[in-house]
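K.L.:
The structure that follows is given in the form of structure tokens.
The values are calculated or read from the model by the stated rules, or taken from the named source; none is laboratory data. Remember, it's a predicted structure, so these values are computed and weren't measured experimentally. Here the Cβ is made from the backbone with ideal geometry for all residues, glycine too, and neighbour counts use every protein chain on show. The protein model used for the area step is the full one, side chains on, heavy atoms only, and it has no ligands, DNA or RNA in it. Shrake-Rupley method; radii C 1.70, N 1.55, O 1.52, S 1.80 Å.
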Amino acid sequence: MKSVGKRRKTGGETPHEVDRAVKTSMQVAKPVGRNAPALKYDILSALAVHALSGDKHRQRSILRIIALITTRYNWRNNELSIGREEIARLWSVNERTVKREMAKFRATGWVTVKRPAARGRVAVYELDLKQIMIDTAEIWPVIGTDFQARMIEEPEAETNIVPFKVKLTPPDATETDVWTQVQSILHGRDPELWASWFQHLSEADRAGGMVTLIAPSRFMADYIAQKWSGRLLAAYSRVDPEIRNLRFEAAE
């Protein structure tokens, strides 16, 4: 799960500014229509595997939100209409635990209050599917490359052509080009991370201590800005110490 924590620079922006950019520009398909069942399974799969990758506290916490989704969540309207007493029954806990756990979900940005509880009426919550998918993205390769591709790639036009799989070639460390050297450093540190994220980037501009990097999708641009801009900036600093800020954009 995501927590803001201390204020720090992230690609020239604070985490709060990055989060705001993610929420306003990132697109997540609404789980309705013909593909709704598959998308619902994808979201629940990401939550389940994310839970299992953590300790018992994370597992229990995410199991609780999965229980709310599968029993009371209205996917079409993005509404979770349920009272604290009923949540306590579902979770087999007391209402004090419910209050504490729901506060944690609100702090991570996964749950927001759509309508507060009133006399004779339970609270209505919303789920932020964008934030949930960002916070579970690190485990997507564990589920499978097909899952990761569905999550990060823009939809492609239908075609009868079956593409050949191309073996990825590591960046040439002997090249003098700054971006190639940066890619080589990133690949040397973590080849799997490079193959999943960094190798899809391209450098569009470098001037005045600022580098603009282009990702193939808005989600990938936002995710790398939030999670990996520090590692990218460190790699740039080894090659060109004048680079101080990174900007991430999506290909049009």
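K.L.:
Among 143, 131, 113, whose Cα sits farthest toward the positive end of the charge dipole of the stretch 109-152 (+1 at Cβ of Lys/Arg, -1 at Cβ of Asp/Glu, about the Cα centre)?
P.N.:
Of the options given, the answer is 113.
K.L.:
Moving on to the next point. Could you give the size of the charge dipole of the stretch 78-148 about its Cα centre, using +1 on the Cβ of each K and R and -1 on the Cβ of each D and E, expressed in debye and rounded to the nearest 20?
P.N.:
560 debye
K.L.:
Okay, moving on. Quick one: accessible surface of residue 248, probe radius 1.4 Å, all protein chains present, in square angstrom to the nearest 10.
P.N.:
Residue 248 has an accessible surface of roughly 30 Å² with all protein chains in place.
K.L.:
Within the stretch 207-233, whose backbone N sits under 11 Å from a point 7 Å along Cα→Cβ of residue 249?
P.N.:
So the set is 212-215.
K.L.:
What residues from the stretch 229-252 fall in the zone where the backbone N is under 14 Å from a label point 7 Å along the Cα-to-C-beta line of residue 204?
P.N.:
Residues passing the 14 Å test: 246-252.
K.L.:
Provide the FRET efficiency to the nearest 0.05 for the residue 138-residue 106 pair, computing r from the beta carbons and using R0 = 22 Å.
P.N.:
FRET efficiency, residue 138 to residue 106: 0.50.
K.L.:
Quote the convex hull volume per residue of the stretch 57-127, based on C-alpha atoms, as a whole number of Å³.
P.N.:
Given the Cα convex hull of the stretch 57-127, per-residue volume reads 88 Å³.
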